[in-house]
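Inspection log for the structure reproduced underneath, given as structure tokens.
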Amino acid sequence: MIKRALWQGLVAGTVGGAVMTLGEKVEQAVTGRPDSHVPARVLQRLTGLPERPGAQPLPVNWAMHFGQAALLGVLRSLMAQAGLRGPLASAKFTVVRLTNDQILENATGAGAPPATWPRGELVVDVLHKAVYAFTTGAVADALAARSGGPGPGQVHAARRTGRRGDVGPLPRAEAHGR
């Protein structure tokens, strides 16, 4: 399960990052919002790379932007492998994506808490992260279903509908890691 989640998550996260970036570029063309250089600043501070004022190098910005997207895709793929799939799982993953950004941006001092942002910027950020999360989720779910069938959680849930205390765990042989 872990091997599948790793490669499938990197693929799903990269696709999600690409779709999010396309959406951002369309939105920026319509709204006139400038590029964000926060990803580059976070990477510079995490790695000790030199910082400069103003616009940051595009390769550094994209390394953080796409690297973070790909790596977080592994977590969404683990969710799919376990049987946490579909729109509800992707909505949960949206929160994870936003939280990851905020931890890194605030811990490095490259960003500020979202509660301090203008509401319009916050809405745009949440929208783009949701596009990433739902795209990544759709790809991760499809890859997991194709390569491994239902996840252990789905198999467990199929034993009896609804959440019931009298349905014990799956036998080990029926769960991943057989």
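The values are calculated or read from the model by the stated rules, or taken from the named source; none is laboratory data. Remember, it's a predicted structure, so these values are computed and weren't measured experimentally. No Cβ is skipped: glycine too gets one built from the backbone with ideal geometry, and neighbour counts run over all protein chains shown. Accessible surface areas use protein heavy atoms only, side chains included; no ligands, DNA or RNA. Shrake-Rupley method; radii C 1.70, N 1.55, O 1.52, S 1.80 Å.
What number of residues within segment 83-98 satisfy the criterion of being in a helix (DSSP H, G or I) and under 16 Å from Gly16 (Cβ atoms)? Even if it seems obvious, please write down each step before you answer.
Residues of segment 83-98 that are in a helix (DSSP H, G or I), as a first pass: 87-98.
If we keep only those that are under 16 Å from Gly16 (Cβ atoms) as well, we get 87, 89-98.
Residues flagged as in a helix (DSSP H, G or I) and under 16 Å from Gly16 (Cβ atoms) within segment 83-98 amount to 11.
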Residues located in segment 18-43, provided they are surrounded by fewer than 15 Cβ atoms within 10 Å (Cβ to Cβ) and within 25 Å of Ser147 (Cα to Cα): Ala18
Conditions (1) charged (D, E, K, R); (2) within 17 Å of Val38 (Cα to Cα); (3) in contact with an Asp or Glu (Cβ under 9 Å, 6 or more places away or on another chain) -> Glu51 fails only (3)
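Here's the yes/no breakdown for (1) touching a Ser or Thr at 6+ places or on another chain (Cβ under 8 Å); (2) on the phi > 0 side of the Ramachandran plot; (3) free of Cβ contacts under 8 Å to residues at least 40 places away in the same chain:
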residue: Thr14; (1), (2), (3): no, no, no
residue: Lys25; (1), (2), (3): no, no, yes
residue: Gly48; (1), (2), (3): no, yes, yes
residue: Ala110; (1), (2), (3): no, no, no
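Of all residues being assigned to a helix (DSSP H, G or I), over 21 Å from Arg76 (Cα atoms) and not polar (S, T, N, Q) in segment 110-130, which is most open to solvent (accessible area, probe 1.4 Å)? Just the residue, please. Break it down stepwise before answering.
Initial filter on segment 110-130 (assigned to a helix (DSSP H, G or I)): 114-116, 119-130.
In the following step, the residues that additionally are over 21 Å from Arg76 (Cα atoms) were identified as 114-116, 119-124.
Then drop every residue that is not not polar (S, T, N, Q), which leaves 114-115, 119-124.
Working: Pro114: 39, Ala115: 82, Arg119: 139, Gly120: 49, Glu121: 105, Leu122: 43, Val123: 99, Val124: 38 Å².
Applying the filter and picking the extreme gives Arg119.
Restricting segment 84-109 to residues that are small (Gly, Ala, Ser) and over 17 Å from Thr135 (Cα atoms), which is most open to solvent (accessible area, probe 1.4 Å)? Step through it out loud before you land on a result.
Start the filter on segment 84-109 by keeping residues that are small (Gly, Ala, Ser), which leaves 86, 89-91, 107, 109.
Subsequent filtering for residues that are over 17 Å from Thr135 (Cα atoms) retains 107, 109.
Values: Ala107: 86, Gly109: 50 Å².
Restricting to residues being small (Gly, Ala, Ser) and over 17 Å from Thr135 (Cα atoms), the top hit is Ala107.
When you go through Arg4, Arg33 one by one, which is the residue that is in contact (Cβ under 8 Å) with a residue 12 or more places away in the chain and more than 19 Å from Ala140 (Cα to Cα)?
Working: Arg4 fails: more than 19 Å from Ala140 (Cα to Cα).
It is Arg33.
Quick one: would you say Val139 is exposed (fewer than 14 other Cβ atoms within 10 Å of the Cβ) and in a helix (DSSP H, G or I)?
Details: exposed (fewer than 14 other Cβ atoms within 10 Å of the Cβ): no; in a helix (DSSP H, G or I): yes.
So Val139 fails the test.
Let me confirm something: among Asp141, Asp101, which residue is out of contact with any Pro (no Cβ under 6 Å at 6 or more places or on another chain) and within 23 Å of Lys3 (Cβ to Cβ)?
Answer to the selection: Asp141.
Here are Leu72, Leu46: which of them is open to solvent by 40 Å² or more (accessible area, probe 1.4 Å) and either part of a helix (DSSP H, G or I) or out of contact with any Lys or Arg (no Cβ under 7 Å at 6 or more places or on another chain) (or both)? Please lay out each step first, then the result.
On the way: Leu72 fails: open to solvent by 40 Å² or more (accessible area, probe 1.4 Å).
That would be Leu46, the only listed residue that is open to solvent by 40 Å² or more (accessible area, probe 1.4 Å) and either part of a helix (DSSP H, G or I) or out of contact with any Lys or Arg (no Cβ under 7 Å at 6 or more places or on another chain) (or both).
So, of the residues in segment 1-17 that are more than 17 Å from Phe93 (Cα to Cα) and either open to solvent by less than 70 Å² (accessible area, probe 1.4 Å) or assigned to a helix (DSSP H, G or I) (or both), which turns out to be modelled with the lowest pLDDT? Quick ask: steps written out before the conclusion?
Residues of segment 1-17 that are more than 17 Å from Phe93 (Cα to Cα), as a first pass: 1-4, 7.
With the extra rule that they be either open to solvent by less than 70 Å² (accessible area, probe 1.4 Å) or assigned to a helix (DSSP H, G or I) (or both), the set shrinks to 2-4, 7.
Values: Ile2: 88, Lys3: 92, Arg4: 91, Trp7: 97.
The extreme case among them is Ile2.
Checking the conditions here, which among Ala107, Ala82 is of a type in the set (Gly, Ala, Ser), closer than 27 Å to Pro150 by Cβ and more than 11 Å from the chain's Cα centre (by Cα)? Explain how you work it out, then say what you get.
Numbers: Ala107 fails: closer than 27 Å to Pro150 by Cβ.
Criteria check complete, one pass: Ala82.
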